[in-house]
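Please read the structure below before turning to the comments.
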Amino acid sequence: MKGLLRVLLPVGIFALSLALLPYLGLPYRPLEVTAAQLNQYGSATSTSTRTPTLPPPTLTRTPTSSTTSIPSTTATPSLTPTPTATPVPGRVMGFVSLEGHAGVTRAGVTVRLDQAQQVVTGADGSFIFDNVPAGAHDLRAETPGYLCLQRSLVVNPGQTVDLGTVSLKAGDANGDNRVDLLDLVLIGAHYGENPLSDARADMNGDGVVNLFDLVLVGNNFGLSCPQG
Ligand SMILES: [Ca+2]
Ligand SMILES: [Ca+2]
């Protein structure tokens with residue numbers, strides 16, 4: 001019984017003091033008990049608010065791009081052959097004249113292209129090569145009594161190359177592709193003949209061997225043309 005009074009008496013005095021404070025002119029101060037104080041006395045009640053400690057957030061990396069497979073660059077071989085354009089052939093044409101020749105005809109001159117195609121000039125000395133492959137070619141014209149003529153030319157696809165008039169130089173009476181003393185000797189041997197015993201000595205084709213034939217040899221004396 002005494003123990004109970006020991007406990008209730010201070011509590012009653014404390015409560016009475018609180019009730020009388022306003023009447024005694026003393027300010028009323030509510031009891032403030034900290035959590036530490038309560039914990040010290042084993043109180044399970046706390047007025048403080050504990051901020052829960054959150055575990056550190058787990059950083060999750062979000063892929064910024066997705067892996068894209070690179071398409072194979074290996075070309076699939078085509079089984080279909082690519083058609084090749086057929087080159088368009090060209091044409092080569094021209095006229096041949098014979099230096100100092102008195103006759104109107106220029107027929108009978110042989111013209112070759114690359115040693116593969118060959119034509120003979122007509123009465124007007126014209127010649128023409130059709131279906132000439134595009135590229136570089138060599139043309140050669142020759143006839144007895146005259147130095148041959150060679151010409152390099154280029155034919156583009158579908159192009160007509162007109163050489164105009166090409167002239168063969170006279171004076172090669174013996175046909176050895178040069179004009180020299182042997183030709184003079186041959187003409188001299190038949191000089192003045194009419195009719196002719198050797199037509200090779202009649203350089204200008206007028207049916208007589210005379211000074212005009214000697215002049216033609218003299219004009220081209222020393223010239224020659226490539227063998228072919
Ligand atoms: Ca000669
Ligand atoms: Ca003559």
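Would you mind telling me which numbered condition in (1) in the same structural domain as Gly205 (by TED's automatic domain parsing); (2) more than 30 Å from Ser197 (Cβ to Cβ) Gly164 fails?
Here Gly164 clears every test but (1).
Can you tell me which residues in region 194-203 are within 16 Å of ligand 1 (Cβ to nearest atom) and not aliphatic (A, V, I, L, M)?
We begin by selecting, within region 194-203, every residue within 16 Å of ligand 1 (Cβ to nearest atom); these are 198-203.
Of everything in region 194-203, those that are within 16 Å of ligand 1 (Cβ to nearest atom) and not aliphatic (A, V, I, L, M) turn out to be Asp198, Arg200, Asp202.
Being within 12 Å of ligand 1 (Cβ to nearest atom) and farther than 13 Å from Val185 by Cα is the filter; apply it to region 217-228 and report the residue that is surrounded by the most Cβ atoms within 10 Å (Cβ to Cβ).
Taking region 217-228 and keeping what is within 12 Å of ligand 1 (Cβ to nearest atom), we get 217, 220-225.
Filter again for farther than 13 Å from Val185 by Cα, leaving 220, 222-225.
Working: Asn220: 21, Gly222: 9, Leu223: 14, Ser224: 14, Cys225: 19.
Only one residue fits best here, namely Asn220.
Take the conditions within 28 Å of Gly94 (Cβ to Cβ) and not assigned by TED's automatic domain parsing to the domain that holds Gln118 and apply them to Cys225. Does it pass?
On the way: within 28 Å of Gly94 (Cβ to Cβ): yes; not assigned by TED's automatic domain parsing to the domain that holds Gln118: yes.
Spelling it out, Cys225 is indeed within 28 Å of Gly94 (Cβ to Cβ) and not assigned by TED's automatic domain parsing to the domain that holds Gln118.
May I ask you to list pairs of residues, at least six apart or on different chains, whose Cβ atoms are under 8 Å apart, with the first in region 179-206 being over 15 Å from Lys169 (Cβ atoms) and touching a residue at least 60 places away in the same chain (Cβ under 8 Å) and the second being assigned to a helix (DSSP H, G or I) and near ligand 2 (Cβ under 10 Å from one of its atoms)?
Close Cβ pairs (under 8 Å, with a partner that is assigned to a helix (DSSP H, G or I) and near ligand 2 (Cβ under 10 Å from one of its atoms)) amount to Asp206/Phe212.
Taking the condition closer than 30 Å to Gln117 by Cβ, in contact with a Ser or Thr (Cβ under 6 Å, 6 or more places away or on another chain) and within 15 Å of ligand 1 (Cβ to nearest atom), does Arg178 pass? Even if it seems obvious, please write down each step before you answer.
On the way: closer than 30 Å to Gln117 by Cβ: yes; in contact with a Ser or Thr (Cβ under 6 Å, 6 or more places away or on another chain): yes; within 15 Å of ligand 1 (Cβ to nearest atom): yes.
So Arg178 passes the test.
Please give the number of the condition Val132 fails out of (1) in contact with a Ser or Thr (Cβ under 6 Å, 6 or more places away or on another chain); (2) under 11 Å from Met93 (Cα atoms); (3) crowded, with 16+ Cβ neighbours inside 10 Å.
(1)
Could you list all residues from region 144-174 that are without any contact (Cβ under 8 Å) to a residue 60 or more places away in the chain and within 16 Å of ligand 2 (Cβ to nearest atom)? Lay out the reasoning, then the answer.
First, the residues of region 144-174 that are without any contact (Cβ under 8 Å) to a residue 60 or more places away in the chain: 144-146, 151-152, 154, 171-174.
Residues satisfying the conditions are Pro144, Gly145, Tyr146, Gly171, Asp172, Ala173, Asn174.
Keeping to region 204-214, report how many residues are at pLDDT 95 or above, surrounded by 20 or more Cβ atoms within 10 Å (Cβ to Cβ) and either hydrophobic (A, V, I, L, M, F, W, C) or away from ligand 1 (no atom under 14 Å from the Cβ) (or both).
1
Can you find, within region 136-148, the residue that is nearest to the chain's Cα centre (by Cα) among those that are buried (at least 16 other Cβ atoms within 10 Å of the Cβ) and farther than 19 Å from Val179 by Cα?
Restricting attention to region 136-148, the residues satisfying the condition of being buried (at least 16 other Cβ atoms within 10 Å of the Cβ) are 137, 139-143, 145-148.
Next, only the ones that are farther than 19 Å from Val179 by Cα stay: 137, 139.
Working: His137: 27, Leu139: 33 Å.
Filtering region 136-148 for residues that are buried (at least 16 other Cβ atoms within 10 Å of the Cβ) and farther than 19 Å from Val179 by Cα, the one nearest to the chain's Cα centre (by Cα) comes out as His137.
With the condition kept exactly as written, say whether any residue in region 188-203 is within 16 Å of ligand 2 (Cβ to nearest atom), surrounded by 13 or more Cβ atoms within 10 Å (Cβ to Cβ), under 58 Å from the mean Cα position of the chain (by Cα) and of a type in the set (Gly, Ala, Ser).
No, there is no match, as no residue in region 188-203 is within 16 Å of ligand 2 (Cβ to nearest atom), surrounded by 13 or more Cβ atoms within 10 Å (Cβ to Cβ), under 58 Å from the mean Cα position of the chain (by Cα) and of a type in the set (Gly, Ala, Ser).
Among the residues of region 91-133, write down those that are more than 19 Å from Met203 (Cα to Cα) and basic (Lys, Arg).
Arg91, Arg112
The values are calculated or read from the model by the stated rules, or taken from the named source; none is laboratory data. Everything numeric here is computed off the predicted structure, so don't read it as measured data. Methodologically, a virtual Cβ is constructed for each residue, glycine included, from the backbone with ideal geometry; neighbour enumeration extends over all protein chains shown.
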